[in-house]
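Take a look at the structure below.
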Amino acid sequence: MVAPLFFAENVTSLKSGSEFVLDGPEGKHAAVVRRMRAGESIQLTNGKGFRVIGTVSKVDGANLVVSVSETLTESLPKLQLTLVQALAKGDRDELAVQAATELGALTVIPWQATRSISRWEGPRAEKGQARWQTIATEAAKQSLRVWEPTVRSVVSTKELTKLAHEFDAVLVLDPTSKTALTSLSALGGRIAIVVGPEGGIDDHELKELESAGARRVHLGSGILRTSTAGLAAISYLVGSSGLWDSAE
C-alpha cells in the first residue's frame, strides 16, 4: 500500500531518526478521518518539493507522531503546466481543476470568459478561489505530489493576455484551429493551457489571445467538454514529455 501524503510546515530540518508531530487540520485528517495507526507508513511535504518518508509511531487524539526514515528534495518538473480554466456551470470547472492537478498542473488560473455562465463577482470571487485551492491541494495530496499547486485570482480576458509573457508557450484549445496539438514540436518549460467555457471561446477573445502570442490548437475532430478538454491536452503533453516513462 502506498503511504498517504500530508502537508506540513517546518519539515525541512528533519532527517533520518527525527520525530515530528503532525497536528492541526492535517493531523486531525490523518488520525480521525484516515484512522492511521502506529506502524503505518506516512509521507509529509512542505508543498515546495521536500518529501519526508516515515512511520506513525504514536497516535495522540487528533495528532500523530511521525518517526522519519528518509527525506528527499524534488526539483520542479521540466514541464511546468498551468491550467487556465474558464468558469463553467455546475461542477464542471471544479472537476477540471481536480483532475488537472492530479495530472501535474502546478498552477490554475480561473478565467471569467465572455461566454462563462458562472460569474465570480465581489465576495464570490474570493470564495471561488478558496474553493478551487482546496480542491487542488487535496488532489495533489491524493496523487502524492510534493509541489502544492497554486490557484490564482480570477482574471478577465484582458488580464489574461497580460499574463502571456510569463509562459514559454500559451496554447488555446480551439476546435476550429487548423493546428493539431500533436503536430507541435516537443514543448518544455512553462506551458499554459487555455480552456474555454461551455459555449466556446468568443472570436474577439481568440484574436486578443493570439495578439498576445498564444497559439490556437485542436484536439482532433471531436469537441470535448470544458471539464475534459484541458485534461486531454495535459495528458498528451505529460506523456509526450517523457514524465510518465519513470516512476522516480
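The values are calculated or read from the model by the stated rules, or taken from the named source; none is laboratory data. Just so it is clear, the structure is predicted and the values come from calculations on it, not from any experiment. We place every Cβ from the backbone using ideal geometry, glycine too, and count neighbours over all the protein chains shown.
Quick notes on this one:
- Members of the range 159-217 found to be under 25 Å from S75 (Cα atoms) and touching a helix residue (DSSP H, G or I) at 6+ places or on another chain (Cβ under 6 Å), listed by number: V170, I193
- Test: residue in the range 18-32 that is among the hydroxyl-bearing types (S, T, Y), crowded, with 18+ Cβ neighbours inside 10 Å and not assigned by TED's automatic domain parsing to the domain that holds L144: no
- Selected residue (criterion: nearest to F7 (Cα to Cα)) from residues of the range 142-171 that are in contact with a Ser or Thr (Cβ under 7 Å, 6 or more places away or on another chain) and of a type in the set (D, E, K, R): E148
- Within this structure, A192 fails the test of being part of a helix (DSSP H, G or I), of a type in the set (G, A, S) and buried (at least 21 other Cβ atoms within 10 Å of the Cβ).
- Cβ pairs under 9 Å, 6+ apart, first in the range 131-148 and within 14 Å of I42 (Cα to Cα), second part of a helix (DSSP H, G or I) and of a type in the set (F, W, Y): none
- Qualifying position, being among the hydrophobic types (A, V, I, L, M, F, W, C), under 27 Å from E9 (Cα atoms) and part of a loop (DSSP other than H, G, I, E, B), among A140, A105: A105
- Residue in the range 51-61 that is over 28 Å from G104 (Cβ atoms), out of contact with any Phe, Trp or Tyr (no Cβ under 6 Å at 6 or more places or on another chain) and not in a strand (DSSP E or B) present: yes
- Among (1) surrounded by fewer than 12 Cβ atoms within 10 Å (Cβ to Cβ); (2) outside any loop (DSSP other than H, G, I, E, B); (3) touching a residue at least 40 places away in the same chain (Cβ under 8 Å) - the single one G230 does not satisfy: (1)
- Test: residue in the range 112-126 that is touching a strand residue (DSSP E or B) at 6+ places or on another chain (Cβ under 7 Å) and in a helix (DSSP H, G or I): no
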